[in-house]
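Note sheet for the following structure.
The values are calculated or read from the model by the stated rules, or taken from the named source; none is laboratory data. This one's a predicted model, so the numbers in the text were calculated from it and none came from an experiment. Reconstructed Cβ throughout: ideal geometry from the backbone, glycine too, with neighbour counts over all protein chains shown. The area values use the complete protein model at the heavy-atom level, side chains included, leaving out ligands, DNA and RNA. Shrake-Rupley method; radii C 1.70, N 1.55, O 1.52, S 1.80 Å.
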Amino acid sequence: MQDSLWGNHSSLMEFILLGFSRNKEINGILFSVFLCLYLITLLGNGLIISLIRMDSRLHTPMYFFLSVLSVMDMGYVTTTVPQMLVHLVCKKKTISYTGCVAQMYIFLMLGITESWLFAIMAYDRYVAICHPLRYKVIMSPLLCGSMVTFCGFWGISCALIYTVSAMTLPYCGPNEINHFFCEVPAVLKLACADTSLSDQVDFILGFIPLSVPLSLIIIVCINSFAAILRIRSAQGRLKAFSTCASHITVATMFSIPCMVMYMRPGSESSPEEDKKLALFYNVISAFLNPIIYSLRNKDVKRAFLKVTGWGKAAE
């Protein structure tokens, strides 16, 4: 029964993740770098979540979505980085077949959900800029919760189709994945069957969860920029423009590498390029998000000073 569902993998119960290098010195350096990035990512996103929960002035739709994004980023990197760190310092670099399926599904679910979340965050900024007086009425708690649920639905359903499409193929050997985690394009190269159908599924599903949200973000931001130009206050224009520019930067930094990875034919991909792309939209993106969204955000700075007590000391 199991073989008929997942394909004939009875002789292949685990995979070997080759990672980045077989050189111990290089792996030691990479371990230190990625460990620092991972800890800073957890600290930065965890700090944002804590500040938003503790400061009532941050209980707005914008910061609600930002806290959800931080939770997603923490889960996103935790799906791949801890295992990658272990494989950098240990000789055994295996992952079970079940573990590979689980990692693939969770990674896709979080990534697709985050892609749609970026589009919803862009709409939130559009309403704040174009309809400031009606902002709280339009972006009600019910609508915000429904939007996040919508993102989760897309992530859960699309990731399931992706994973089933990839893992129903037979995997009878070899079992070495030239990647640092079980990502669909890398795993498909080991299939003992024609992967053209899976490639088509990847392209179609890559178009919907990645291209459509990015297109919506661009359309919304163009309308937002048009509204920004009508703002009389120079300071107001600068603040609104800075918010939109930050969001476009984060969204494109995440979406473009994902589109390159999942929408190009498998025959045109390079394992080394794939690893770099995956690092960018998995590790680097989650690392930079708290910095891009919060570094110039006066509300977050004020909340941090209030919680730590440094603001009173400065006064």
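Only residues that are closer than 30 Å to Pro170 by Cβ and touching a residue at least 40 places away in the same chain (Cβ under 8 Å): list them for the stretch 194-235, please. Across the stretch 194-235, the qualifying residues are Thr195, Asp199, Val201, Asp202, Phe203, Leu205, Gly206, Phe207, Ile208, Pro209, Leu210. Regarding Val71, is this residue assigned to a helix (DSSP H, G or I), surrounded by 17 or more Cβ atoms within 10 Å (Cβ to Cβ), β-branched (Val, Ile, Thr) and under 18 Å from the mean Cα position of the chain (by Cα)? When the stated conditions are applied, Val71 does not pass them. The residue that is nearest to the chain's Cα centre (by Cα), among those in the stretch 277-301 that are of a type in the set (Phe, Trp, Tyr) and under 23 Å from Phe180 (Cβ atoms), is Tyr281. Within the stretch 168-214, the set of residues being open to solvent by 40 Å² or more (accessible area, probe 1.4 Å), acidic (Asp, Glu) and part of a helix (DSSP H, G or I) comprises Asp199 only. Answer yes if at least one residue in the stretch 121-140 is acidic (Asp, Glu), in contact (Cβ under 8 Å) with a residue 12 or more places away in the chain, in contact with a helix residue (DSSP H, G or I) (Cβ under 7 Å, 6 or more places away or on another chain) and within 30 Å of Asn223 (Cα to Cα), and no otherwise. Yes: the stretch 121-140 contains one or more residues that are acidic (Asp, Glu), in contact (Cβ under 8 Å) with a residue 12 or more places away in the chain, in contact with a helix residue (DSSP H, G or I) (Cβ under 7 Å, 6 or more places away or on another chain) and within 30 Å of Asn223 (Cα to Cα). In the stretch 262-276, which residue that is open to solvent by less than 60 Å² (accessible area, probe 1.4 Å) and either part of a helix (DSSP H, G or I) or at positive phi (or both) is modelled with the lowest pLDDT? The residue in question is Gly266.
Would you mind stating whether Phe34 is under 24 Å from Pro174 (Cα atoms) and either among the hydrophobic types (A, V, I, L, M, F, W, C) or open to solvent by 40 Å² or more (accessible area, probe 1.4 Å) (or both)? Spelling it out, it is not the case that Phe34 is under 24 Å from Pro174 (Cα atoms) and either among the hydrophobic types (A, V, I, L, M, F, W, C) or open to solvent by 40 Å² or more (accessible area, probe 1.4 Å) (or both). I need the full set of residues from the stretch 144-175 which are free of Cβ contacts under 8 Å to residues at least 12 places away in the same chain, more than 30 Å from His59 (Cβ to Cβ) and within 17 Å of the chain's Cα centre (by Cα), in order please. If the condition is that a residue be free of Cβ contacts under 8 Å to residues at least 12 places away in the same chain, more than 30 Å from His59 (Cβ to Cβ) and within 17 Å of the chain's Cα centre (by Cα), then Ser157 is the only one that fits. Within the set Gly152, Gly111, the sole residue that is among the small types (Gly, Ala, Ser) and either in contact with a strand residue (DSSP E or B) (Cβ under 7 Å, 6 or more places away or on another chain) or farther than 30 Å from Leu30 by Cβ (or both) turns out to be Gly152. Only residues that are open to solvent by 10 Å² or more (accessible area, probe 1.4 Å), within 21 Å of Gln103 (Cα to Cα) and either at pLDDT 85 or above or under 29 Å from the mean Cα position of the chain (by Cα) (or both) were counted in the stretch 9-30, giving 6. Evaluation of Lys91 against the conditions (1) assigned to a helix (DSSP H, G or I); (2) farther than 20 Å from Pro271 by Cβ shows that the sole unmet condition is (1).
Criterion first (out of contact with any Pro (no Cβ under 6 Å at 6 or more places or on another chain) and closer than 24 Å to Tyr171 by Cβ) does Tyr97 satisfy it? Yes. Looking across the stretch 83-107, the residues that are among the aliphatic types (A, V, I, L, M), farther than 15 Å from Ile26 by Cβ and open to solvent by 40 Å² or more (accessible area, probe 1.4 Å) come down to Val86, Ala102, Ile106.
In the stretch 189-219, what count of residues is obtained for those that are over 20 Å from the mean Cα position of the chain (by Cα) and modelled with pLDDT under 85? The number of residues fulfilling the criteria is 11.
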